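> Before I ask anything, here is the structure I am working with.
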Amino acid sequence: MSIKAGAFPLYLGAMLGAFAPVGPTWAQEAPLSVIDWLDSNSPTPAAQPRPLTDEPAVSPSGNVPAITVSPLDGPAARRVGLAPASVTGLPDTLWKGSDGTELAEAIDAARAVRLPATQSLFYTLLLAEALPPAVHDDDFNLARVDALLGLGALDPALALIEQIGPETSAAVFARYFDASLLAGTEDAACARIMTKPSLAPSYAARVFCTARAGDWDTAVLLLGTARALGSMTDAEAGMLERFLDPDLFEGEPALPTPAKTDPLAFRIHEAIGTPISTSLLPRIYANADLREIAGWRSQLMAVERLAQTGAVADNRLLGVYTDRQPAASGGLWDRVQAVQRFETALNSDSTEAVAKTLPAAWAEMQSAGLAVHFANLFGDRLPSLEDRAASSAAFEATLLSPAYEQAATKYPQAAARAPLLVAIAKGDTSDAQANGPMEKALTDAFSDAAPDATLVGLARTGKLGRAMLGALELVNDGSRGDPGALRQGLATLRALGLEDNSRRTALQIMLRPAL
C-alpha cells in the first residue's frame, strides 16, 4: 500500500510495500464505501469457471513447490467475505497470520466507531473477502456478524451468515434466525427448523415455526408441552397463545410491551396487532421500518438512524428523503423539505438557487448527524459560490466529501479563514498553526509523529488486519479527547497506507460540530 509523497519515513513505507495489493491503493483513491458497493452489487462472489481442458497443470519450473500440511480431523477453514480485493484494495493475506480469537477481541474493541471515515474502514475490514485466520476462524466470523448486527447492517450480516453456513453452530443459527425475523425472511429459517428441530434456539421458536408451516394443532401441542415443562416464560406463552388463536382473546386488553424484546417477540407482537416501536430498541430493529408496509415517517426515522452508523448506502437515504412531498412541518419534515429544495436547485444548474437553499439544507443535516452523508451525495457537484454563508457551507461540505482536496481551490475565501483544514486536506501540516492539544495532535500526525510500534510490528509479521483494527481503536479513543491516542492512531493509519482515510478522519474531527 502506498503513502503519498512525504507522508512518512521511507523505511516504513518500504516495509509496508510487502502488503501492497494489485490495483488502486487506499492512498490514491476515494472509492465508494463497501456498503454503497454492496447496495448495487451481489454480495455473493461469482463461482470461478472450470478450466476448458482436463489436461493437468504444468509447472513453469523444476522447483519443488512448498507443501502446506493441515489436519484432516475437522472442517477446513473457508474464505468468508462479501467484498473482493478488487473493491477493498486489501491483500489476500489480511487475516492469514492472526489467531481468530485475538481478531474477535480486536473487532469487539473497535466496535465503538463513530466517525463516518472510521466506520467505512471498519465495514471494509468486516466484509473483506480474504484468506481465513490461521486458527479459530469460527470465533472471528461470529465476531464479524455481531459487529455488523450491532451497527444495524442487517443485509450484510445475513449474507455473511449464509456464507459461514447457518447450521455451522447453534450460535450462528441463533443469529440467523433473529436476523431473518427482522428482515422478514423467517420462512427460510423456519424451514430449516422444521427439517431439523434441534436447530431451534428456543421452544418458542419451534412453536412459531410450526404455526408458520400451517400445522396449528402441533403448534398448540408444543406450546402446552412447553408450559408443562416450564420451558417457556409466561410472557412468551401469553403472546404465543394470542398468535395461535387470536379469537379467544377478542375484547381482552392488549398485551403490555415486554420488558425485554427479542426479534421473535417483536414479530409476534406485530402479527397480533400490538407492534412495538423500534425507536427505543437496538438499532438493528430499525430495518423493520424500512419495509413498504411502514409509514413514510417511520421509514425516514429508520433510514436516518441506520445512516448514522453507515448501515445503509447514502443513495438509499436520499431515496427515502425524496420519496414524496412532506405533508407537515417542523423537525424531521423541515429537514426533508430543505434537502428536497436543495436537490431541485442543484439539478436546475442555478447557482443563485443553490446559494439560497444550501445553508438551510446543510444546517438541517448537521443537526441530524448526517452532514458527511450529505457531503458524499452532493459535495463534488457544488458550484463556486460568492455568498459568504453559502460558500462557507459549500466549503465544509466539500471538505467532508471524497473531493476534499478541491475545497480550497473552489472556495478560496472560506479556505483563507481555515488554514489548518486546508493543510489537513493536503496531507501536510508542517507549517500549520495549532490551537489546543487536539489540533496539535492532528498537525503532528500529518508531519512527524511516529506510529504505534506494536501495531507496525504486527503488520510486519503478517497481521495487517489486526494492525488496522488496533489503529482504529486508537483513533476512536483519540476522537473522544485523548490527543496522544489520536496522534498515534492517525500516524499508524498513514503508515499502513490509509492516507485518504486518515485525512477524512482528521477533517471530520476538525468539523465535528458539522457532524
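> Quick check on ALA495: is it closer than 29 Å to ALA403 by Cβ, modelled with pLDDT of 95 or more and of a type in the set (A, V, I, L, M)? Please lay out each step first, then the result.
Details: closer than 29 Å to ALA403 by Cβ: yes; modelled with pLDDT of 95 or more: yes; of a type in the set (A, V, I, L, M): yes.
Criteria met by ALA495.
> Restricting attention to the range 121-146, and to residues there that are of a type in the set (Gly, Ala, Ser) and surrounded by fewer than 23 Cβ atoms within 10 Å (Cβ to Cβ), which single residue is modelled with the lowest pLDDT?
My answer is ALA134.
> Would you point out which residue out of LEU474, LEU442, LEU498 is buried (at least 24 other Cβ atoms within 10 Å of the Cβ) and free of Cβ contacts under 8 Å to residues at least 24 places away in the same chain?
Result: LEU474 is the single residue among LEU474, LEU442, LEU498 that is buried (at least 24 other Cβ atoms within 10 Å of the Cβ) and free of Cβ contacts under 8 Å to residues at least 24 places away in the same chain.
> Looking only at the range 410-433, filter to residues that are aliphatic (A, V, I, L, M) and under 22 Å from ASP448 (Cα atoms); which one of those is surrounded by the fewest Cβ atoms within 10 Å (Cβ to Cβ)?
LEU420
> A further question follows. Can you name every residue in the range 260-285 that is farther than 17 Å from GLU186 by Cα, in contact (Cβ under 8 Å) with a residue 12 or more places away in the chain and aliphatic (A, V, I, L, M)?
Hits for the range 260-285 are ILE276, LEU281.
> Also, I was wondering about something else. Just name the residue that is surrounded by the most Cβ atoms within 10 Å (Cβ to Cβ) out of those in the range 321-340 that are aliphatic (A, V, I, L, M) and not in a helix (DSSP H, G or I).
ALA328
> Further, regarding this structure: Being free of Cβ contacts under 8 Å to residues at least 60 places away in the same chain, in a loop (DSSP other than H, G, I, E, B), more than 28 Å from LEU222 (Cβ to Cβ) and among the aliphatic types (A, V, I, L, M) narrows it down to one residue among LEU142, LEU131; which is it?
After ruling out the rest, the residue left standing is LEU131.
> Within the range 377-415, how many residues are touching a Leu at 6+ places or on another chain (Cβ under 8 Å) and either at positive phi or not basic (Lys, Arg) (or both)?
Adding up the residues that qualify gives 18.
> Residue check, VAL303 against (1) without any contact (Cβ under 8 Å) to a residue 24 or more places away in the chain; (2) over 29 Å from the mean Cα position of the chain (by Cα); (3) not in a loop (DSSP other than H, G, I, E, B), all met but one. Which one?
Of everything listed in (1) without any contact (Cβ under 8 Å) to a residue 24 or more places away in the chain; (2) over 29 Å from the mean Cα position of the chain (by Cα); (3) not in a loop (DSSP other than H, G, I, E, B), VAL303 misses just condition (2).
> Being touching a helix residue (DSSP H, G or I) at 6+ places or on another chain (Cβ under 8 Å), of a type outside the set (A, V, I, L, M, F, W, C) and assigned to a helix (DSSP H, G or I) is the filter here; which residues of the range 229-259 pass it?
Answer for the range 229-259, where residues must be touching a helix residue (DSSP H, G or I) at 6+ places or on another chain (Cβ under 8 Å), of a type outside the set (A, V, I, L, M, F, W, C) and assigned to a helix (DSSP H, G or I): GLU236, GLU241, ARG242.
> State yes or no: is GLY214 farther than 26 Å from ALA294 by Cβ, outside any helix (DSSP H, G or I), without any contact (Cβ under 8 Å) to a residue 24 or more places away in the chain and small (Gly, Ala, Ser)? Reasoning before the result, please.
Numbers: farther than 26 Å from ALA294 by Cβ: yes; outside any helix (DSSP H, G or I): yes; without any contact (Cβ under 8 Å) to a residue 24 or more places away in the chain: yes; small (Gly, Ala, Ser): yes.
So GLY214 passes the test.
> So, in the range 446-457, exactly how many residues are surrounded by 24 or more Cβ atoms within 10 Å (Cβ to Cβ) and closer than 21 Å to THR124 by Cα?
Total satisfying the criteria: 1.
> State which residue is nearest to ASP138 (Cα to Cα) when the search covers only the range 164-214 and only residues that are loosely packed, with under 15 Cβ neighbours inside 10 Å and hydroxyl-bearing (Ser, Thr, Tyr).
So the residue we want is SER169.
> So ALA226 ticks every box in (1) of a type in the set (Gly, Ala, Ser); (2) closer than 22 Å to LEU181 by Cα; (3) not in a helix (DSSP H, G or I) but one. Which box is left unticked?
Only one criterion in (1) of a type in the set (Gly, Ala, Ser); (2) closer than 22 Å to LEU181 by Cα; (3) not in a helix (DSSP H, G or I) is unmet by ALA226, namely (3).
> Find the residue count for the range 459-469, including only residues that are surrounded by 21 or more Cβ atoms within 10 Å (Cβ to Cβ) and either touching a residue at least 40 places away in the same chain (Cβ under 8 Å) or touching a strand residue (DSSP E or B) at 6+ places or on another chain (Cβ under 6 Å) (or both).
Going through the range 459-469 one residue at a time, the tally reaches 7.
> Considering only the range 328-353, how many residues are modelled with pLDDT under 95 and in contact with a helix residue (DSSP H, G or I) (Cβ under 8 Å, 6 or more places away or on another chain)?
Total meeting the criteria: 1.
> How many residues does the range 352-392 contain that are within 19 Å of ALA307 (Cβ to Cβ) and not in a helix (DSSP H, G or I)?
3
> Being among the basic types (Lys, Arg) and modelled with pLDDT of 95 or more is the filter here, so list the residues in the range 477-492 that pass it.
Scanning the range 477-492 gives a single hit, ARG487.
> Out of curiosity, is LEU318 surrounded by 14 or more Cβ atoms within 10 Å (Cβ to Cβ), of a type in the set (A, V, I, L, M), at pLDDT 95 or above and more than 21 Å from LEU149 (Cβ to Cβ)?
yes
The values are calculated or read from the model by the stated rules, or taken from the named source; none is laboratory data. What you see is a predicted model, and the numbers here were worked out from it, not measured in a lab. Methodologically, a virtual Cβ is constructed for each residue, glycine included, from the backbone with ideal geometry; neighbour enumeration extends over all protein chains shown.
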